[in-house]
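Student: Please see the structure below; I have some questions.
The values are calculated or read from the model by the stated rules, or taken from the named source; none is laboratory data. The structure displayed is predicted, hence computed values, not measured ones. Every residue, glycine among them, receives a Cβ derived from its backbone with ideal geometry; neighbour counts consider all protein chains shown.
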């Protein structure tokens with residue numbers, strides 16, 4: 001039997017535990033199930049979702065059950081991990097799991113604990129690397145596959161791939177690109193991890209940046225900033241949680257817009273109205289809203305919003 005066939009047979013027998021939670025991790029999980037023997041999926045507990053507070057499983061739980069793979073949902077994996085230990089896995093792969101692993105689990109598999117992370121480490125360690133990359137105006141991000149250690153996203157780098165960030169990208173579109181890139185890179189990298197020929201590059205901690213989880217205060221638009229900063233913030237918060245502003249003390253979520261010409265208007269003032277856009281002065285240029293979600297209403301195009309109000313009353317109003 002040719003060596004490559006023998007090696008593929010060996011890979012398929014590697015006993016693997018996968019840990020992940022959101023939709024981002026699903027392509028990685030599905031790719032992994034085609035390569036190794038995934039004996040257990042670990043994901044976050046079901047959550048109450050929506051106005052009706054319906055108990056909802058994570059996307060990874062759904063994908064795992066559809067693949068007939070057992071699911072383990074510890075509330076705190078730092079203290080509840082015997083289920084994993086009892087399996088004696090060869091390998092643990094994590095992707096957007098959402099909890100730090102205890103050292104006893106990190107040291108358990110003979111091939112290590114491997115993480116698929118949505119940035120080019122050491123940049124954007126942490127829980128919101130996609131949001132923060134767009135918010136900060138980056139033109140490139142990527143995927144890092146790395147060994148895990150006891151700290152957050154600080155382990156040795158195994159492989160990386162760059163993914164460009166386009167002006168047309170939102171967090172939603174970049175999320176999907178990176179998810180697929182992560183699955184592809186894991187498929188390419190896994191054989192070297194299993195035969196122990198992969199590189200191990202220590203991270204330069206002096207170049208580390210952190211991608212903290214988006215907070216409520218990150219959502220509010222400050223028009224004393226540049227139009228480019230507003231443009232990036234709107235894209236970064238699309239499709240969740242959405243940027244917002246206040247007009248007549250009512251919150252309006254901002255979904256899409258574009259940068260217009262220079263202005264000397266007072267920042268935050270509505271200085272221009274088009275049939276399909278509302279122009280608000282920033283510190284340098286006008287930012288035009290094209291799609292919004294008024295409080296208590298569904299998402300709508302600005303042209304539809306303007307059809308339902310007296311447009312002349314908007315001009316020169318201040319938003320905050």
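Student: Output the residue which, of all residues in the stretch 123-145 that are free of Cβ contacts under 8 Å to residues at least 40 places away in the same chain and over 12 Å from the mean Cα position of the chain (by Cα), is nearest to residue 186 (Cα to Cα).
Tutor: Among residues in the stretch 123-145 that are free of Cβ contacts under 8 Å to residues at least 40 places away in the same chain and over 12 Å from the mean Cα position of the chain (by Cα), the one nearest to residue 186 (Cα to Cα) is 144.
Student: Here's a follow-up. Which of the residues that make up the stretch 100-122 are surrounded by fewer than 21 Cβ atoms within 10 Å (Cβ to Cβ) and under 14 Å from the mean Cα position of the chain (by Cα)?
Tutor: Result: 120, single match.
Student: How many of the residues making up the stretch 242-251 are surrounded by 16 or more Cβ atoms within 10 Å (Cβ to Cβ) and either in contact with a helix residue (DSSP H, G or I) (Cβ under 8 Å, 6 or more places away or on another chain) or more than 18 Å from residue 224 (Cα to Cα) (or both)? Break it down into steps so the answer makes sense when it comes.
Tutor: Residues of the stretch 242-251 that are surrounded by 16 or more Cβ atoms within 10 Å (Cβ to Cβ), as a first pass: 242-245, 247.
Restricting the remaining residues to those that are either in contact with a helix residue (DSSP H, G or I) (Cβ under 8 Å, 6 or more places away or on another chain) or more than 18 Å from residue 224 (Cα to Cα) (or both) gives 242-244.
Number of matching residues: 3.
Student: Surrounded by 17 or more Cβ atoms within 10 Å (Cβ to Cβ) and within 29 Å of the chain's Cα centre (by Cα): is that true of residue 292 in this structure?
Tutor: Spelling it out, residue 292 is indeed surrounded by 17 or more Cβ atoms within 10 Å (Cβ to Cβ) and within 29 Å of the chain's Cα centre (by Cα).
Student: OK, next. When the stretch 277-309 is examined, which residues are found to be in a loop (DSSP other than H, G, I, E, B) and either in contact (Cβ under 8 Å) with a residue 60 or more places away in the chain or not assigned by TED's automatic domain parsing to the domain that holds residue 232 (or both)?
Tutor: 283
Student: Out of 24, 7, which single residue is modelled with pLDDT under 95, farther than 20 Å from residue 151 by Cα and assigned by TED's automatic domain parsing to the domain that holds residue 156? Working first, answer last.
Tutor: On the way: 24 fails: modelled with pLDDT under 95.
The match here is 7.
Student: Tell me which residues, restricted to the stretch 124-135, are buried (at least 21 other Cβ atoms within 10 Å of the Cβ) and either touching a strand residue (DSSP E or B) at 6+ places or on another chain (Cβ under 9 Å) or over 30 Å from residue 243 (Cβ atoms) (or both).
Tutor: 124, 125, 129, 130, 132, 133, 134
Student: Let me ask something else about it. Consider residue 12 carefully, then state whether it is in the same structural domain as residue 189 (by TED's automatic domain parsing), modelled with pLDDT under 95 and within 20 Å of residue 194 (Cβ to Cβ).
Tutor: Considered against the rule, which asks whether it is in the same structural domain as residue 189 (by TED's automatic domain parsing), modelled with pLDDT under 95 and within 20 Å of residue 194 (Cβ to Cβ), residue 12 comes out as yes.
Student: Could I ask something else about it? Please specify each residue of the stretch 227-254 satisfying the condition of being free of Cβ contacts under 8 Å to residues at least 40 places away in the same chain and on the phi > 0 side of the Ramachandran plot.
Tutor: Residue satisfying the conditions is 249 alone.
Student: Only one of (1) out of contact with any strand residue (DSSP E or B) (no Cβ under 7 Å at 6 or more places or on another chain); (2) under 19 Å from residue 179 (Cα atoms) is not met by residue 43, so which one is it?
Tutor: (1)
Student: Considering each of 227, 183, 172, 250 in turn, give the residue that is more than 30 Å from residue 156 (Cβ to Cβ) and not assigned by TED's automatic domain parsing to the domain that holds residue 292.
Tutor: Every option except 172 fails the conditions.
Student: Let me ask something else. Taking the stretch 164-207 only, how many residues are closer than 30 Å to residue 255 by Cβ, out of contact with any strand residue (DSSP E or B) (no Cβ under 9 Å at 6 or more places or on another chain) and not in a helix (DSSP H, G or I)?
Tutor: Of the residues in the stretch 164-207, 4 are closer than 30 Å to residue 255 by Cβ, out of contact with any strand residue (DSSP E or B) (no Cβ under 9 Å at 6 or more places or on another chain) and not in a helix (DSSP H, G or I).
Student: What is the one condition in (1) within 30 Å of residue 112 (Cα to Cα); (2) under 24 Å from the mean Cα position of the chain (by Cα); (3) crowded, with 20+ Cβ neighbours inside 10 Å that residue 207 does not satisfy?
Tutor: Of everything listed in (1) within 30 Å of residue 112 (Cα to Cα); (2) under 24 Å from the mean Cα position of the chain (by Cα); (3) crowded, with 20+ Cβ neighbours inside 10 Å, residue 207 misses just condition (3).
Student: Same structure, new question: Counting just the residues of the stretch 267-289 that are farther than 15 Å from residue 245 by Cβ and in contact with a strand residue (DSSP E or B) (Cβ under 9 Å, 6 or more places away or on another chain), which one comes out surrounded by the most Cβ atoms within 10 Å (Cβ to Cβ)? Give the derivation first.
Tutor: First pass over the stretch 267-289, keeping only residues farther than 15 Å from residue 245 by Cβ: 272-276, 283-285.
Checking which are in contact with a strand residue (DSSP E or B) (Cβ under 9 Å, 6 or more places away or on another chain) leaves us with 272-274, 276, 284-285.
Working: 272: 17, 273: 16, 274: 14, 276: 15, 284: 16, 285: 19.
That would be 285.
Student: Mind telling me which of the residues 244, 238, 256 ends up being modelled with pLDDT of 95 or more and in a loop (DSSP other than H, G, I, E, B)?
Tutor: 238
Student: For the stretch 51-67, how many residues are surrounded by fewer than 13 Cβ atoms within 10 Å (Cβ to Cβ) and over 12 Å from residue 30 (Cα atoms)?
Tutor: Qualifying residue count for the region: 5.
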